[in-house]
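Student: Below you'll find the structure I mean.
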Amino acid sequence: MASDKENYIQRLNKGNLNNKVIDDVIGFMGKRGLSVKKLPAEIVKRIGQKLHLDLRVCRGNKSWEGLVVGFPGTIEDLSTQNVGTPFLRKILYPLLFLQREMKLHYARPMPCLYLVGSRFNDVFLRKFSFLNSLVSHVIVMSGDLRNWEERKAGHIPIEPATSINEYCLQKSLCEQMKSNDGLVLPLGRDGNIRSGQLPYEVPTVAATENKERMDILGYDRDDHSFLVVEIKGQDAEKAELENLFFQGMEHRNWLEENKMAVKFAREGPRGKKINFRKRVKLVLGFCGETVPKLFIDLKTEALRKDRFLQIGFCRLIPPDNKTGPTKVESFSV
């Protein structure tokens, strides 16, 4: 009996896999002002083999043009149980070859390689990660990202707080960041960030069952860089607070790798709020009088490896009641 991994390839070759997510994402790209059409047959023929993938060309904005590769199937179809590494290795070079052939055909840089599908697991993405050194921009456009963009109610928390808990703080911060003036995050010696708010509870890296979620996705209103804000409330236990740094770095690194896709989902190529060429900033907000020594040591180590990282801490002061504003101050040094 053929294995599930063999079955995926067979179903792909026969055209028996669902294309709904691919069609949805392609349609969304069109709404964002890009033209996405089938890749010309004369280019496809040059690879000398049939990939049976959905191959298209994206045009319309020179910084966002390139090869669009659609992987049919559901989340389950594209899981590690069904898509093997031999298949991924087999298609890497042909896709790179196609992307380079497009540059010659169109006499344009064609800097982007789009990967479109329901959801891509970590094994899948690792196989494509080396292309980042060969292609200017590898942009992962998953169904998750498309669905998140549709979550209009997720832009700010709308449910009333039932107590002065972490959700109460999150709701208040989002409301202040969403206001016309934004919210100033005072970071002590690291200066201030005048922040604006995008959505909250943003799906990020894959976890055991569900995806991890970023507390608040924002942006710096002055330099237009992305901003990750992770928080812990006054009732957080010691282990939960200690995990805040690692959680924040994990989400910040995910956003750094996917910031073009997130910008595309949020505002499209011509949007002015976000500059994807800027490094992503991380702010950790928590209650208490001082910054834990552990956080200072971890930040020092992180900056030794990457001196351009921007990591800041701010003090959260819970409101007096469930509807009051959460105050944000800098920690005394």
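The values are calculated or read from the model by the stated rules, or taken from the named source; none is laboratory data. Note that the structure is predicted; figures quoted are calculated from it, not measured. Note that each Cβ is placed from the backbone with ideal geometry, even for glycine, and that neighbours are counted across all protein chains shown.
Student: Restricting to strands (runs of 3 or more DSSP E) lying wholly in the range 249-333: which have 2 or more residues that are surrounded by fewer than 14 Cβ atoms within 10 Å (Cβ to Cβ)?
Tutor: 327-329
Student: For the range 11-86, list the strands (runs of 3 or more DSSP E) that sit wholly inside it and hold at least 3 residues that are buried (at least 18 other Cβ atoms within 10 Å of the Cβ) and outside the structural domain of GLY271 (by TED's automatic domain parsing); which are they?
Tutor: Per the criteria, 54-59, 66-70.
Student: Continuing with the same structure: Take ARG119 and tell me if it is surrounded by fewer than 18 Cβ atoms within 10 Å (Cβ to Cβ) and charged (D, E, K, R).
Tutor: Considered against the rule, which asks whether it is surrounded by fewer than 18 Cβ atoms within 10 Å (Cβ to Cβ) and charged (D, E, K, R), ARG119 comes out as no.
Student: Please verify whether ASP222 is of a type in the set (Asp, Glu), out of contact with any His (no Cβ under 6 Å at 6 or more places or on another chain), over 24 Å from PHE120 (Cα atoms) and modelled with pLDDT of 90 or more, treating the condition exactly as stated.
Tutor: yes
Student: Now for a different question. For the range 128-137, does any single residue satisfy the condition of being among the aromatic types (Phe, Trp, Tyr), in a helix (DSSP H, G or I) and either surrounded by 16 or more Cβ atoms within 10 Å (Cβ to Cβ) or on the phi > 0 side of the Ramachandran plot (or both)?
Tutor: yes
Student: Answer yes or no: is there a residue in the range 302-309 that is within 22 Å of the chain's Cα centre (by Cα), charged (D, E, K, R) and farther than 13 Å from ARG189 by Cβ.
Tutor: Among the residues of the range 302-309, at least one is within 22 Å of the chain's Cα centre (by Cα), charged (D, E, K, R) and farther than 13 Å from ARG189 by Cβ, which makes the answer yes.
Student: Just wondering, is there one or more residues in the range 225-234 that are closer than 26 Å to MET29 by Cα and surrounded by fewer than 19 Cβ atoms within 10 Å (Cβ to Cβ)?
Tutor: no
Student: What number of residues within the range 225-248 are in a strand (DSSP E or B) and either among the polar types (S, T, N, Q) or under 15 Å from LYS293 (Cα atoms) (or both)?
Tutor: Residues meeting the conditions: 0.
Student: Kindly indicate which of THR74, THR80 is out of contact with any strand residue (DSSP E or B) (no Cβ under 7 Å at 6 or more places or on another chain), within 23 Å of PHE264 (Cα to Cα), free of Cβ contacts under 8 Å to residues at least 60 places away in the same chain and among the β-branched types (Val, Ile, Thr).
Tutor: THR74
Student: Would you mind telling me which numbered condition in (1) under 23 Å from VAL291 (Cα atoms); (2) modelled with pLDDT of 95 or more; (3) among the charged types (D, E, K, R) ARG189 fails?
Tutor: Every condition holds for ARG189 apart from (2).
Student: Scan the range 295-322 for residues that are in contact (Cβ under 8 Å) with a residue 24 or more places away in the chain and among the polar types (S, T, N, Q) and report the count.
Tutor: Summing the residues that are in contact (Cβ under 8 Å) with a residue 24 or more places away in the chain and among the polar types (S, T, N, Q) in the range 295-322 gives 2.
Student: Scan GLY66, GLY84, GLY60, GLY27 and give me the residue that is modelled with pLDDT of 95 or more and of a type in the set (Gly, Ala, Ser).
Tutor: GLY66
Student: What are the residues in the range 141-171 that are under 23 Å from GLU212 (Cβ atoms), assigned by TED's automatic domain parsing to the domain that holds LYS232 and modelled with pLDDT of 90 or more, if any?
Tutor: Those that are under 23 Å from GLU212 (Cβ atoms), assigned by TED's automatic domain parsing to the domain that holds LYS232 and modelled with pLDDT of 90 or more: ASN165, GLU166, TYR167, CYS168, LEU169, GLN170, LYS171.
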